[in-house]
Amino acid sequence: MAKKLVIVESPAKSKTISQYLGKDFEVLSSVGHIRDLATKGKGGLGIDVDNNFEPTYEILKGKKKIVTELNKALKDSDELYLATDPDREGEAISWHLKETLKIKDQLVKRVEFNEITKEAIINAFDHTRCINEDLVSSQETRRMLDRIIGFKLSKLLQSKIKSRSAGRVQSAALKLIVDREREILAFVPEEYYEIYAQFKDIEAQLFKVDGKKPKISSKEESMALLDRMIDEFTVSELSKRTIKNNPNRALTTSSLQQQSSTRFGYSSSKTMSIAQKLYEGKDIGNETVGLITYMRTDSTRLSEGFVNKARGFIADKYGKEYLGFYKESKKKQNVQDAHEAIRPTDVFRTPESIKAKLTAQEFKLYSLIFYKTVASLMKASKNEVTTLILDNENLLFKTTSSKQIFDGYLKALETIEKRNEQAQLDLSNFKEGDKLKADEVYDKQLFTKPPIRYTESRLIKEMEDLGIGRPSTYASTISTIIKRKYVEFKERKFFPTEQGILTIDKLQKFFKEFISADYSKNMEEILDNIANGEEEQLKVLREFYDYFIPLIEEARENMEKIEPEKTGEMCPKCGSPMVYRIGKYGKFEACSNFPTCKYIKPNENSKSKAFDTNVECPECHKGTLVLRTAKSGKNKGNQFLGCSRFPKCKYISPYEVQKEKCENCDNVVVKDKEGKVFCIDGKKCE
């Protein structure tokens, strides 16, 4: 009997989903995108600009085998379900699968779900739809814009200033970092003073001078105010008020990345990698289940069904007096479409109950998502704030004391964050009209501080506020500017490199509007309009191309070409000057007469020791796995893991070595046969 074929993009997701669908379904994975724009045709764009921007697609390298397997499975199936991620990129992957496998529209059933649980999966398969062509068109437009920019602008910068790439979003983000660095360098500290009065355990600060906020810019001004004062202070006001602090809304992609960075020091890409695993499914003993909803979302919405269950959980765990009402954001949300916020799929599956089934990093992130969601549905905390105002010759001093009278949502958050316990000032002994004498009255000399460099959390917040890119692209954008060596990430802050500053300077001169935050924001809105069927793809591409290409031509004509720096030595082969060049693996010395002469000076440090993962060899249990490079055969140049005791032990690991190192421990990252990527040192690196 023919089976029903389901195609997802992730092997981990296929494993989780298959257990819910039963034996009548076969669930296979495309392992992400299966095709992309070709690199042939005019300018290597894969886009026929003169023929209404007609794209040419080709199957990605290494994906032909997967396409063959999918075609074979399709022949034995009578129904096809495309169950890729519920966003524009997922929609595009489904469309590319349909086109590549040459399936008629009426035979394709698009399945969309926001969480990978049995209830959600069964419901999604009962309510299939057609592929949304508007979403596909929006994603295709973005990809074509990226291709045109990437090939045209990046090629220009490579030839002129040796910068490796530029783009609408990455350049706007880099400009923020460069502009901030220049603000810091140009900053001139300004002196100012604050005045305080000390009364035993109470310190009050001068906050009004003759009814106005004081601005004390010099020692002379400060001394004049001190000389004006008399010995006696009068209590002019003693007031109490209750302040409510409302909980934050449930997490979005952006707020998750920001809080993960601030709390745990995780990069945005690391956060999304961990969240992906929580979404796709974890084995928690009796089942494999997705623990959180889809992690790429701008929405703060929570479903009615979840809210009702969560209210029951809150009432049982904390008490009915803690029940609040959830408020969504009033601003227009650029939602990745009918998504919810990032929340646990089951509010009764507490982090503590499944801690043994999670890695340390997964537990931290799941706990953050879980308790932030619960807290968002609880009542505000309440503080009683007492304010004491003292008058001295119309110089008003103020001090306040805050006392928590109801912890509200903080009750849930105490599981994941420490309470900030502050010493309580006792102001109950004062009353209006009291006369006091200060133990000491003094001033403090202070200086204004320069702007703060961007942390990853601050940069993401700024990009979101300015509309630069989308939260789902923040991780890749930040990774790109680091890999291109435009910025350095030191002390958890971004510092622009000389190459990064040079890149922005040239872009600012020739592409000022293009790299602005406003341009990026406007383009994102246009892409949203395409997704909503309110804008035509061809019109957008034509207007962009007609605006962008003249800028390229002008820059090609007028941008000064920076010649490589000479080393002071001559090439031993042809006698031409040697110069410094930047390659994939950093700076090196080469002949200036390239490509006629291809001499490269050997690097004395190039023959470094093999990288040792310190992971025990699973075969001999005596050596460790080290990173080696194949010197011959069809795999020449490829890296692999082998035993350090070679040739005594000839064990070779089946894992495919990745270029990136583990962000947590700088160890080797590998990919297994199912496409799962992880640190070779596993849990130890956590």
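The values are calculated or read from the model by the stated rules, or taken from the named source; none is laboratory data. Everything numeric in this text was worked out from a predicted model, so none of it was measured. All Cβ positions, glycine included, derive from the backbone under ideal geometry; neighbour counts span all protein chains shown. To get the accessible areas, we keep the full protein, side chains included, count just its heavy atoms, and leave off ligands, DNA and RNA. Shrake-Rupley method; radii C 1.70, N 1.55, O 1.52, S 1.80 Å.
Quick one: helix 471-483 against the long Cα principal axis of the chain, what's the angle to the nearest 10°, folded into 0 to 90?
For helix 471-483, the angle is close to 80 degrees.
From the phi angles alone, apply the Karplus equation (6.51, -1.76, 1.60; θ = phi - 60°) to segment 136-141 and give each ³J(HN,Hα) in whole Hz, x where the residue is Gly or Pro.
Going residue by residue, I get 4, 4, 5, 5, 5, 4 Hz, with x marking Gly and Pro.
Averaging sequence separations of C-alpha pairs under 8 Å and six or more residues apart, then dividing by the length of segment 128-175, give the relative contact order as a whole percent.
Rounded, it is 26 percent for segment 128-175.
Give a residue-ordered list of calculated ³J(HN,Hα) values for segment 144-153 (Karplus: 6.51 cos²θ - 1.76 cosθ + 1.60, θ = phi - 60°; whole Hz; x for Gly, Pro).
5, 4, 4, 5, 4, 5, x, 6, 6, 6
Between segment 1-62 and segment 419-460, how far is it from one alpha carbon centroid to the other, in angstrom?
After rounding, the separation between the Cα centres reads 58 Å.
State, as an integer percentage, the relative contact order of segment 188-319 based on alpha-carbon contacts under 8 Å between residues 6 or more apart.
15
Helix-only mean residue ellipticity at 222 nm, the chain, DSSP H runs n ≥ 4 weighted -39,500 (n - 2.57), per residue, nearest 500. What is it?
Mean residue ellipticity, 222 nm, calculated: -11000 deg cm²/dmol.
How high is the relative contact order of the chain? Use alpha-carbon pairs under 8 Å, at least six apart in sequence, and give a whole percent.
Computed over the chain, the figure is 14 percent.
Between Asp201 and Glu656, what length in nm is gained on full extension when 0.36 nm per residue of separation is reduced by their alpha carbon distance? Before the final figure, lay out each step's value.
Values: separation 455, 0.36 × 455 = 163.80 nm, distance 6.47 nm.
The span from Asp201 to Glu656 would gain 157.3 nm if fully extended.
On a 1.4 Å probe surface of the protein chains, which of Glu91, Glu563 comes out largest in accessible area, and what is the full order?
So, going from the largest accessible area down, we get Glu563, Glu91.
Show the residues, 5+ positions off or on another chain, whose built amide H is closer than 5 Å to the amide H of Gly533.
Excluding prolines and chain starts, which carry no amide H, there are no hits.
Compute the angle between helix 64-75 and the longest alpha-carbon principal axis of the chain, please, reported from 0 to 90 degrees and rounded to the nearest 10.
Once rounded, one gets 80 degrees.
Only Lys, Arg, Asp and Glu count, each charged at its Cβ (+1, +1, -1, -1), so figure out the dipole size of the chain about its Cα centre, rounded to 20 debye.
So the magnitude is around 3000 debye.
Translational diffusion coefficient, Stokes-Einstein: compute it for segment 344-421 using the Kirkwood radius over C-alpha pairs as Rh, at 4 °C and 1.567 mPa s, and state it as an integer in µm² s⁻¹.
Values: Rh = 15.4 Å.
D = 84 µm²/s.
So how do Ile17, Ile230 rank on accessible area, 1.4 Å probe, biggest first, that is with the largest at the start?
Ile230, Ile17
Rounded to the nearest 5, what % of the DSSP beta bridges within the chain are antiparallel ones?
85
At what distance in angstrom do the alpha carbon centres of segment 148-186 and segment 96-144 lie from each other?
Measuring centre to centre over Cα atoms gives 36 Å.
List every residue whose amide H lies under 5 Å from the amide H of Thr300, counting only residues 5 or more places away in sequence or on a different chain, with H placed 1.01 Å from N in the peptide plane.
Correct list: Ser329.
Accessible area per residue, 1.4 Å probe, Å², for segment 496-585: what's the number?
On a per-residue basis, segment 496-585 sits at 59 Å².
For segment 255-328, report the accessible area per residue in Å² (1.4 Å probe, heavy atoms, rounded to an integer).
41
What do you reckon, how do Leu21, Leu446, Leu527 stack up by accessible area (1.4 Å probe), largest on top?
The residues order as Leu446, Leu21, Leu527, largest area first.
Using each residue's phi in segment 365-379, evaluate 6.51 cos²θ - 1.76 cosθ + 1.60 at θ = phi - 60° and report the 3J(HN,Hα) Karplus result to the nearest Hz, with x for Gly and Pro.
5, 5, 4, 4, 5, 4, 6, 5, 5, 4, 4, 5, 9, 9, 6
Which percent of Cα pairs goes in each bin when the distances of the chain are cut into 10 angstrom slices starting at zero?
2, 11, 18, 22, 20, 13, 8, 4, 1, 0
Going Cα to Cα from Lys64, which aspartates and glutamates come in below 18 Å? Please leave out same-chain ones fewer than 8 positions away.
Partners within reach: Glu9, Asp36, Glu99, Glu674.
Number of Lys-Lys pairs in segment 197-319 under 20 Å by Cα, sequence gap 8 or more or different chains?
Values: Lys208/Lys219; Lys208/Lys240; Lys270/Lys282; Lys309/Lys317.
Within segment 197-319, the lysine pair count is 4.
Roughly how tilted is helix 517-531, in degrees to the nearest 10 and between 0 and 90, from the longest Cα axis of the chain?
Rounded to the nearest ten degrees, it is 60.
Quick one: with all protein chains in place, what share of the accessible area of the chain is carbon or sulfur, to the nearest percent (1.4 Å probe)? Kindly include the intermediate steps, with their values, before the conclusion.
Numbers: 17500 of 36950 Å².
Of the solvent-accessible surface of the chain, carbon and sulfur hold 47 percent.
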